[in-house]
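Here's the structure, in C-alpha cells; my notes come after.
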Amino acid sequence: MIRLEKRPQASRAFSLATPVLAVVATMFFGGLLFATLGKDPIASIVTIFWEPLFGEFSFFYRPQLLIKGAPLVLIAIGLSLGFKAGIWNIGAEGQYIMGALFGAGVGLAFYPAEGFHIFPLMVLAGAFGGWLWAMIPALLKVKFGTNEILVSLMLVYVAEQFLASMSLGLMKNPEGFGFPGSRNLQQYESAFNADLIEGSGMHWGVVAALIAVIFAYVLLTKHRLGFAIRVTGEAPRAAKFSGVNPTRLVLFCLGTSGLLAGLAGMFEVSGPAGQVTIDFNVGYGFTAIIVAFLGRLHPIGILLAGLLMALTYIGGDIAQSQLGLPAAAIQVFQGMLLFFLLALDMFTNYRLRFGRTEVA
Amino acid sequence: MKFTKLLTGAVLALGLATTAMAQDKTKVGFVFVGPVGDGGWTYEHNKGRLAVEEHFGDKVETVFVESVAEGPDSERVMTQMALNGADLIFTTSFGYMDPTINVAKKFPNVKFEHATGYKQAENVATYSARFYEGRAIQGHIAGKMTKSNIIGYIGSYPIPEVIRGINAAFIHARKANPDVQFKIVWAYTWFDPAKEADAAKVLIEQGADVVLQHTDSTAPQAAAQEAGNVVTFGQASDMGQYAPFPRVSSIIDDWAPYYIARTQAVMDGTWTSGNTWDGIGAGMVGIGKISDAVPADVKAEALLLKASLADGTYHAFTGPLNKQDGTPFLAEGEVADDGTLAGMNFYVEGIEGDIPQ
C-alpha cells in the first residue's frame, strides 16, 4: 500500500531540488519519447541542451539565448509578484501586445524624425500600455469582485484583435504595397532597440530584465511591500491583521506585471521583431507563467528558468533541422517540464509512505 | 566596433567554410510556418521538399523546421540553417520577408527564396502562385451550384492575396449567376480548425450552400459534410478525403516543379534572383478533380475556363469591371496589371461589406 502523507512542514530541500529533478525527469522521459520516434535519444538531448551553449556555432546561439530569454524573464518577474500573493494575472500576453502597440505607435508617430528623445518615450509608452491593459482586470476586481484570471485571459483575445487591426490599418506601412504590417523599426535608427554591442544579443530588453530581477529580489527580501506580498499569499488572514491593504496590493501586483509585460513587448517590437504584424505575439506571455513556476517564483530562479526555457526553444529548433525531430515532439518535451515540475512539487508538502495504514 | 567586425567576419568565414565543405551534396533548407501535417499550405510545401529529395536522390540533402513563428524565431532558424551549410533556403510564409532579407545579408553565398513577398536582393528571389486563377474556376462552379444564391467565404486575413481571391471568385460567380451574393467572414488565422469550423457554421446558418475557404484546415469541409447539402472546395491541398461531396474541386499549390528547378539552378551555378509568379499554365496552381456532384455541362465550362486561363487567352481580371464604390477599375477588354493585382486592397462592384481595417 502506497499512500501520500502530508508533511508536518514543507520540505525546503525538496522545494529547491524539484526544478532540478523535473529537468532530469524531462530529459529521461523526453529521451524515451525521442527513442520511440526512432531518433537517438542521447544525441537528441545533447543537441537540445549542449549544442546551443558549447557547440560549433555557440557564438551565434549564446546571444540568441538572451534575445529569447529576456522577454520571458521580464514578464515572469512581474507575474511572480502577483502569484506569490495569490493574484493571478494570466493575461500577460495581452499586456505584452498592448505594450508593443503603444511603444511602436509612439515610434511610428515620430517617423521619420531622428532624435534621442524618441526611444525613451517609446519605453514609457510601452510600459504605460501594458500597465493600462492590466488595470482593467485590476479595477474590475477591486470594484466589482470579478475574477482576474478570466478577465485578464479574455483581454488577451481583445488585444490580439487590436494587433490585427493596427497591422492592417492605422500602423500599416504606407510603402508596403498594401500588405499588412508596420514599417520596420530596425530601419529607423532613433526607434531601433539595437544590440548595445552588435552581435552580443544584449539589447535594452535584456538590461531591463536584469534590472527587474534585482529590483524584485530587493523588494521581496528587504521591503515592506515584499513582506505584504508574501504574507498575503501564505496567510491571507494574518495579512489582514498586519495591516495589508488588499486593494492596493491587487493594483500594485497586476499593475507591475502589466507594466513589465508591456516593456517586454515594446523592447521586442522595436528590436528583434522590428515590426507590428498580425502574428507578432508568439506566446511569451503564456510561457512566462511556466517560467515563473519553474523558477519557484524566486527572482534568481526565474532568471535561470527563463534561460533554460530559451535553451529548449533554440535547441529544439536545432534538433528539428539536424535530426528531423517533429516540432510536436519538442513541444511535448517542453510540456513535460511543467508537468514534472508540478507533479514533483507535491512532494514538497507530501511524502510517500509505504505499508499499511495504521488504525489509530 | 572591432568586436562587431570580428563577429561578422567569423559568421562569414564559417558560412563560406561550411558551404565549401558541402560542395558534394547540395543542402536545401525549408522554413515552414505550420506543421507539415496541416493538410494545406505547409503540407504542400513539404510535398515540394520531398519531390526535390526524390528527384535528386543522393545529390541533395534537405532539412526543415516546422511551426516557426514569424519574426526573430524565423531569423534564428534561417541563420542556423545557413551556418550548417545550406546552399539554398526556401522561406515559405509572407511574415518571413524581413528576416529573410536580414539573414541573406549575412550569408551572401547562400541563396534564399521567399514565398509571397515583395523584397528581393542579390541572393533573395521571391515566388508565388496565381491562386486567383483557381478562384475564378471555383467562382464559376459555385455560382452554378448554389440554390440559395448565397456563397459563404472564409477569409484568413484581409491582405491583397486574399482579397484578390475573393474578387476573382465573385466576378466569375456573378457571371455564372447574376443573383449571387457573397457573405464573407474573417477568421484572422491561416490555420485554426476550431475557428474555421465556427466560421463555416455561421455562414451555413446564414443560408450559404457553398462555402469557399482561404484557410488551410479541413474543418470547413467537415462542417459542410455535417450540414449535408453544402458545397466546398479544397484549399492549398486537394482535400480529396471529402470528395465527391461536399468537396467538388480544389485549388492545389504545386511547388515541386519550381523547387526542383531552383535546386538544379543552384547545382549548375546558374541561380539568379528574380520574381516568379506562376499560375495554372506553368503548373504551379493545380485544379483538383472536379467531382461527379457537379453537372456535366458545368464541369465542361469549368474545364474550358481552366484551359483559357492556362494558355493565356483569358485573364481572370478582364474589364469591364468597376470597384465596389462604382468607380471604374478596368475598361472593356482591359486586363489588370500585376502591380495592381499584387497590392489589391479593394472589392469589385457587387460585393457587400467593407474590408476590415
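Taking the Cα centroid of the range B:89-123 and of the range B:128-203, what is the distance between the two, rounded to the nearest whole Å?
30
So what is the calculated 222 nm ellipticity per residue for chain A, using -39500 (n - 2.57) for each DSSP H run with n of 4 or more, over all residues, to the nearest 500 deg cm²/dmol?
Only helices count here, giving -23500 deg cm²/dmol.
Need one number: convex hull volume per residue for chain B, Cα atoms only, in Å³.
140
Quick one: give the max-minus-min coordinate of the C-alpha atoms of the range A:3-62 along each principal axis, largest first, in Å.
If we take the Cα atoms of the range A:3-62, the spans are 50, 30, 10 Å.
Once you wrap a convex hull around the alpha carbon atoms of the range A:163-233, what is its projected area averaged over all directions, in nm²?
So the Cα hull casts an average projection of 8.3 nm².
Calculate how large, on average over all directions, the projected area of the Cα convex hull of the range A:1-140 is; give the answer in nm² to one decimal.
15.8
Looking only at other chains, what is the average number of their beta-carbon atoms within 10 angstrom of each beta-carbon in A:169-178?
3
Taking only the Cα atoms of the range B:224-356, how large is their convex hull per residue, in Å³?
175
Taking beta carbons within 10 Å but only from partner chains, what does the mean come to for residues A:237-249?
Other-chain Cβ atoms within 10 Å of each residue's Cβ, averaged: 0.
Scan around B:Phe64 for amide H atoms under 5 Å from its own, H built in the peptide plane at 1.01 Å from N, and keep only partners 5 or more places away or cross-chain.
B:Phe30
Could you give the dipole magnitude of the range B:179-277 about its Cα centre, charging the beta-carbon of Lys and Arg +1 and that of Asp and Glu -1, in debye to the nearest 20?
Value, rounded to 20: 80 debye.
Which residues among the range B:245-265 fall inside the zone where the amide N is under 19 Å from a point 7 Å beyond the Cα of B:His55, along Cα→Cβ?
Output list for this probe position: B:252-265.
What are the extents of the Cα atoms of chain A along their three principal axes, listed from largest to smallest and rounded to whole Å?
For chain A, the Cα spread along each principal axis is 79, 58, 33 Å.
Name the long-range amide H neighbours of B:Glu334: under 5 Å, sequence gap of 5 or more, or other chain; modelled H, no Pro or chain starts.
Excluding prolines and chain starts, which carry no amide H, the hits are B:Gly319.
Hull surface divided by four, with the convex hull built on the Cα atoms of the range A:206-258: how many nm²?
Computed as one quarter of the Cα hull surface, the answer is 3.8 nm².
With just the Cα atoms defining each centre, how far is the range A:18-50 from the range A:78-108? Give it in Å.
32
Could you compute Rg(Cα) / (2.2 N^0.38 Å) for the protein assembly as shown, with N its residue count?
1.03
List the equivalent ellipsoid semi-axes of the range A:108-147 in whole Å, largest first, each obtained as the square root of 5λ for an eigenvalue λ of the Cα gyration tensor.
Output for the range A:108-147: semi-axes of 34, 8, 5 Å.
Label point 7 Å out from B:Trp277 along Cα-to-Cβ: which residues of the range B:337-356 have amide N under 18 Å?
Residues B:337-348 fall inside that zone.
Residue by residue through the range A:121-126, what is 3J(HN,Hα) from phi via Karplus (6.51 cos²θ - 1.76 cosθ + 1.60, θ = phi - 60°)? Round to whole Hz and write x for glycine and proline.
Per-residue couplings from phi come out as 5, 5, 4, 4, 5, x Hz.
Give me the percent relative contact order of chain A, please, defined on Cα pairs under 8 angstrom at least 6 residues apart.
Answer for chain A is 36 percent.
Considering only Cα-Cα distances, which of the following residue pairs are longer than 28 Å: A:Lys143/A:Lys240; A:Lys172/B:Lys144; B:Lys25/B:Lys106?
In this structure, A:Lys172/B:Lys144 lie more than 28 Å apart at Cα.
Mean residue ellipticity at 222 nm from the helices of chain B, using -39,500 (n - 2.57) per DSSP H segment of n ≥ 4 over the full residue count, to the nearest 500 deg cm²/dmol?
It lands at -13000 deg cm²/dmol.
What percent does the relative contact order of the range A:85-174 come to when contacts are Cα pairs within less than 8 Å and at least six residues apart?
Answer for the range A:85-174 is 42 percent.
Out of every Cα pair in the range B:208-248, what percent are spaced more than 12 Å from each other?
46
Give the angle, between 0 and 90 degrees and rounded to the nearest 10, that separates the Cα long axis of helix B:131-145 from the longest principal axis of the Cα atoms of chain B.
20
Find out how many positive minus negative residues lie around B:Ala197, taking Lys and Arg as positive, Asp and Glu as negative, among other residues whose Cβ is under 14 Å from that of B:Ala197.
For residues surrounding B:Ala197, the net value is -4.
Taking a cut-off of 22 Å, what percent of all Cα-Cα pairs in the range B:59-211 are separated by more than that?
53
Of all the C-alpha pairs in the range A:229-274, what % are more than 16 Å from each other?
Of all Cα-Cα distances in the range A:229-274, 53 percent exceed 16 Å.
Any idea how far the Cα center of the range A:248-266 sits from the one of the range B:39-85, in Å?
39
Just the number, please: Stokes-Einstein D of the range A:289-360 in µm²/s, Kirkwood Rh from C-alpha pairs, 4 °C, 1.567 mPa s.
Roughly 90 µm²/s, to the nearest whole number.
What is the extension gain from B:Asn109 to B:Ser148, computed as 0.36 nm multiplied by their sequence separation minus the C-alpha to C-alpha distance, in nm to one decimal?
Taking 0.36 nm per residue and subtracting the Cα distance, the gain is 8.4 nm.
At 7 Å along the Cα-to-beta-carbon direction for both A:Ile42 and A:Leu16, put a label point, then send me their distance in nm to one decimal.
Taking the simple label geometry, A:Ile42 and A:Leu16 are separated by 3.2 nm.
Against the longest alpha carbon principal axis of chain B, how many degrees, from 0 to 90 and to the nearest 10, is the axis of helix B:193-205 turned?
Taking Cα atoms only, the helix is inclined about 20 degrees.
Which whole-number value in Å³ per residue fits the convex hull of the alpha carbons of the range B:222-272?
Spread over its residues, the Cα hull of the range B:222-272 gives 77 Å³ apiece.
Largest first and in whole Å, what are the equivalent-ellipsoid semi-axes of the range A:240-360 based on the Cα gyration tensor, each being the root of 5 times an eigenvalue?
After diagonalising the Cα gyration tensor, the semi-axes are 33, 28, 10 Å.
Mind checking the range B:316-353 for GluC sites (Glu not before Pro) that DSSP puts in a loop (not H, G, I, E or B) and that have at most 12 other Cβ atoms within 10 Å?
B:Glu332, B:Glu352
Take peptides B:269-275, B:217-223 and line them up by average Cβ neighbours within 10 Å, highest first, as a rough protection proxy.
B:217-223, B:269-275
Quick one: which residues, 5 or more positions from B:Ala121 or on another chain, have an amide H under 5 Å from its amide H? H modelled 1.01 Å from N in the peptide plane, none for Pro or chain starts.
Amide H to amide H, under 5 Å and 5 or more residues apart or across chains, B:Ala121 pairs with nothing.
Starting from the eigenvalues of the Cα gyration tensor, five times each then square-rooted, give me the equivalent ellipsoid semi-axes of the range A:114-208, largest first, whole Å.
Gyration-tensor ellipsoid for the range A:114-208: 30, 20, 12 Å.
Estimate the FRET efficiency between A:Leu32 and B:Gln225 by the formula 1/(1 + (r/R0)^6), using the beta-carbon distance for r and 45 Å for R0, to the nearest 0.05.
Efficiency, rounded to the nearest 0.05: 0.70.
Coordinate-derived values only; no laboratory data. What you are looking at is a predicted structure, and each value in this text was computed from that prediction instead of being measured. In this analysis, Cβ positions are derived from the backbone assuming ideal geometry, glycine residues included, and neighbour counts consider all displayed protein chains.
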